[in-house]
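Structure record follows, encoded as structure tokens.
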Amino acid sequence: MATYAIGDVQGCMDALRRLLDHIKFDQTQDRLWFVGDLVNRGPHSLGVLRFVKKLGASAVTVLGNHDIHLLALWCHKTKPGPKDTLQPILSAPDADELLHWLRFRPLLHVEGGHVMIHAGMLPSWSLTQATTFAREVEEALQRDNFKEMLPAIYFRKFTAPSANLSTEERLGLTTNVLTRLRVCTKAGVPDFSFKGPPTEAPPGYFPWFRIPDRATRNETIIFGHWSALGIVQEKHLVALDGGCVWGRELVTMRLEDRQIFRVPCST
């Protein structure tokens, strides 16, 4: 029995199948952890969503920014982007079933000494705080009136961290941090627009996991989202976005021995 954490799939079903063949995945014994962004930009988002849902208890996935975007599209709270490849999901006969399942996925998963998120955490957040904030968003997504909550959750403009945020502001900030954060200042002010490699971060901004005395520095965090960062494997940090959708590689790490497995991608 083994557990494999897998980087951003983003609709690359062929690569996912090849990766699972490579690791000899056995659904009756093994488990898969997906770091989010199951969908979008790649050619087979519908197939990926159906496949992961069908895995049932053999799979854990946290929500990524593209997954949240899909939920917002489904509820008509935003418009498709020019590079979106999500219409096959929205037009599918099982769309409502798939997206109902998706909105019940967590933003943060803790198990066996590992923490899985899609993107990042503010340096001031303890794991307890991050979990509390994540659960607040998850509960909002899982309510019967979740469509009314989506504009706050999907809010993508800058909100400065503060102890005095309204519920709507806190939902938006939490979602942005956990699904979009790459860099911030030492004081924890995020920049959600930056997408490049760490060496090109704006002056005064650093990778969120390089901030000195970060509250979660002793937690083992697994994440994706940052394809320009590439694969990072340290004692308390694992970054797994291999840029599959950009024609690079899909990557997984076996949690038990931290061995990395890769397959090349083409889109």
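Figures for the structure shown
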quantity: Residue within the range 27-50 that is at positive phi and more than 15 Å from the chain's Cα centre (by Cα) present; calculated: no
quantity: Filter pass, THR220 being touching a residue at least 24 places away in the same chain (Cβ under 8 Å) and of a type in the set (S, T, N, Q); calculated: yes
quantity: Members of the range 155-204 found to be among the aliphatic types (A, V, I, L, M) and closer than 24 Å to LYS77 by Cβ, listed by number; calculated: ALA160, LEU165, LEU171, LEU173, VAL177, LEU178, LEU181
quantity: Total residues in the range 182-194, condition over 18 Å from ASP37 (Cβ atoms), buried (at least 18 other Cβ atoms within 10 Å of the Cβ) and free of Cβ contacts under 8 Å to residues at least 40 places away in the same chain; calculated: 1
quantity: Leading residue by the ranking (nearest to GLN259 (Cα to Cα)) among those in the range 192-248 that are part of a loop (DSSP other than H, G, I, E, B), touching a Cys at 6+ places or on another chain (Cβ under 9 Å) and not polar (S, T, N, Q); calculated: GLY242
quantity: Neighbours by Cβ (under 6 Å, 6+ apart or cross-chain): first from the range 39-60, touching a residue at least 60 places away in the same chain (Cβ under 8 Å) and charged (D, E, K, R); second surrounded by 22 or more Cβ atoms within 10 Å (Cβ to Cβ) and outside any loop (DSSP other than H, G, I, E, B); calculated: ARG41/VAL245
quantity: Test: residue in the range 80-102 that is closer than 22 Å to ARG217 by Cα, at pLDDT 95 or above and not charged (D, E, K, R); calculated: no
quantity: The range 195-208 residues that are buried (at least 17 other Cβ atoms within 10 Å of the Cβ), paired with ones that are modelled with pLDDT of 95 or more and among the small types (Gly, Ala, Ser) (beta carbon under 9 Å, 6 or more apart); calculated: PRO198/ALA228; PRO207/GLY120; PRO207/ALA201; TRP208/ALA119; TRP208/GLY120
quantity: Flag for ALA2 being modelled with pLDDT of 95 or more, under 19 Å from GLY224 (Cβ atoms) and in contact with a Lys or Arg (Cβ under 8 Å, 6 or more places away or on another chain); calculated: no
quantity: Selection from the range 187-228 of residues that are modelled with pLDDT under 95 and either on the phi > 0 side of the Ramachandran plot or more than 19 Å from the chain's Cα centre (by Cα) (or both); calculated: ALA187, GLY188, VAL189, PRO212, ASP213
quantity: Helices (runs of 4 or more DSSP H) completely within the range 67-177 that count 1 or more residues being of a type in the set (A, V, I, L, M, F, W, C) and under 20 Å from PHE192 (Cβ atoms); calculated: 127-142, 146-153
quantity: Condition check for THR179: under 24 Å from ALA134 (Cα atoms) and surrounded by fewer than 21 Cβ atoms within 10 Å (Cβ to Cβ); calculated: no
quantity: Qualifying residue in the range 28-36 (condition: more than 18 Å from VAL245 (Cα to Cα), among the aliphatic types (A, V, I, L, M) and surrounded by fewer than 21 Cβ atoms within 10 Å (Cβ to Cβ)); calculated: no
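The values are calculated or read from the model by the stated rules, or taken from the named source; none is laboratory data. Since we're looking at a predicted model, the values are computed, not measured. Backbone-built Cβ (ideal geometry, glycine too); neighbour counts: all protein chains shown.
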